[in-house]
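Working notes, beginning with the structure itself.
The values are calculated or read from the model by the stated rules, or taken from the named source; none is laboratory data. What you see is a predicted model, and the numbers here were worked out from it, not measured in a lab. Cβ sites come from the backbone with ideal geometry, for glycine too, and all protein chains shown count toward neighbours.
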């Protein structure tokens, strides 16, 4: 009997074994009934059998083995994908879900081989086709499971970021009240200033976190453009970034008409992150230079600092989210002050405005981030 025919005739028996194995996967299985334990097993098996009966050339078989084959069994992919999502929902970990497919493969082959009287050449091809189908199902289930993990993480981060805003606002409002209502000596005023700076920095980190989650959930960064002067925005960002840091030497040079149509809040995010990054990674007491220049249709912003250069192999992933600079040592207090989202947010803001961003970094010349923005993004 060919393997596809064996699967169709014995599908209930095979699914019974699937269920018995799934019952051993604890603690998740403790709360699952028979239907949940069997989830999509029968559909996956019957779809695999149909796939095995579909004609396939040697070229198609090779392409399928490399993951590039044509989609011949959409029902298999759909069932396997749903299985991965539901196994995540009920609490299976990825290893446990994978073990189900390993057991299914072994079970089917064992039962089928025991039923054979005389092995034939065609049976080898049956085993190859069956393994292909199970591999396809496993890949779909794993991809769906991973997507659910990512989505759950993103939703958790969104809730976390949202819930952190309320206590941060309470801290900020309390310091404002202290400044207005209380008579503070010099030391107390310094403490209040430090609390305000810390709350402001934490607020920026929470905003970055929420922007990251928004992008992960598939939403493009929204912008509301108005007429604004980028030089004024730079000056305000510099004053805020250097508050409480008298050792910082930051200069701003403006050349040409640097007014345009941009989103002021997004520009503030971009500037704060660029300046903060330069101050954090530049040499202590080293100069940070901002320069603005303009053409008829674009404005170019350059942020330059001296200090250790960015490693060449880090440049390719520099704007990826949750990537930290090698210079940020989490075991050393004060060296790790971000979530690894600052440069990602910068890139998001620049992209939303139709601009470009580049970076050069050498030991001799320092590090320069160059942002080119169209003066009117809606016409880009």
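Within the set 235, 280, 261, the sole residue that is touching a residue at least 24 places away in the same chain (Cβ under 8 Å) and part of a helix (DSSP H, G or I) turns out to be 280. What are the pairs with Cβ atoms under 6 angstrom where one residue, in segment 345-365, is at positive phi and the other, located anywhere, is loosely packed, with under 15 Cβ neighbours inside 10 Å and in a loop (DSSP other than H, G, I, E, B)? Sequence gap at least six, or different chains. Close Cβ pairs (under 6 Å, with a partner that is loosely packed, with under 15 Cβ neighbours inside 10 Å and in a loop (DSSP other than H, G, I, E, B)) amount to 354/380. Taking segment 62-91 as the range and being surrounded by fewer than 16 Cβ atoms within 10 Å (Cβ to Cβ), within 25 Å of the chain's Cα centre (by Cα) and either modelled with pLDDT under 70 or under 13 Å from residue 135 (Cβ atoms) (or both) as the test, only 67 passes.
Right, residue 323: within 25 Å of residue 231 (Cα to Cα) and either at pLDDT 90 or above or within 26 Å of the chain's Cα centre (by Cα) (or both) or not? In short, no.
Can you find a residue in segment 137-160 that is modelled with pLDDT of 85 or more, buried (at least 16 other Cβ atoms within 10 Å of the Cβ) and either more than 28 Å from residue 321 (Cα to Cα) or not assigned by TED's automatic domain parsing to the domain that holds residue 7 (or both)? For segment 137-160, residues modelled with pLDDT of 85 or more, buried (at least 16 other Cβ atoms within 10 Å of the Cβ) and either more than 28 Å from residue 321 (Cα to Cα) or not assigned by TED's automatic domain parsing to the domain that holds residue 7 (or both): present. Per the conditions (1) crowded, with 17+ Cβ neighbours inside 10 Å; (2) without any contact (Cβ under 8 Å) to a residue 12 or more places away in the chain, the sole criterion not satisfied by residue 211 is (2).
On the given criteria, is residue 121 closer than 30 Å to residue 348 by Cβ and in the same structural domain as residue 14 (by TED's automatic domain parsing)? No: the conditions fail for residue 121.
Being within 21 Å of residue 81 (Cα to Cα), in contact (Cβ under 8 Å) with a residue 60 or more places away in the chain and within 33 Å of the chain's Cα centre (by Cα): is that true of residue 36 here? For residue 36, the condition - within 21 Å of residue 81 (Cα to Cα), in contact (Cβ under 8 Å) with a residue 60 or more places away in the chain and within 33 Å of the chain's Cα centre (by Cα) - is not met. Among all positions in segment 149-157, there is at least one residue which is touching a residue at least 12 places away in the same chain (Cβ under 8 Å), assigned to a helix (DSSP H, G or I) and more than 30 Å from residue 79 (Cβ to Cβ).
Every listed requirement among (1) within 35 Å of the chain's Cα centre (by Cα); (2) surrounded by fewer than 17 Cβ atoms within 10 Å (Cβ to Cβ) is met by residue 13 save one, (1).
Out of 31, 24, report the one residue that is within 21 Å of residue 95 (Cα to Cα), in the same structural domain as residue 92 (by TED's automatic domain parsing), surrounded by fewer than 16 Cβ atoms within 10 Å (Cβ to Cβ) and modelled with pLDDT of 90 or more.
Values: 31 fails: modelled with pLDDT of 90 or more.
Step by step, each of 31, 24 is checked, and only 24 is within 21 Å of residue 95 (Cα to Cα), in the same structural domain as residue 92 (by TED's automatic domain parsing), surrounded by fewer than 16 Cβ atoms within 10 Å (Cβ to Cβ) and modelled with pLDDT of 90 or more.
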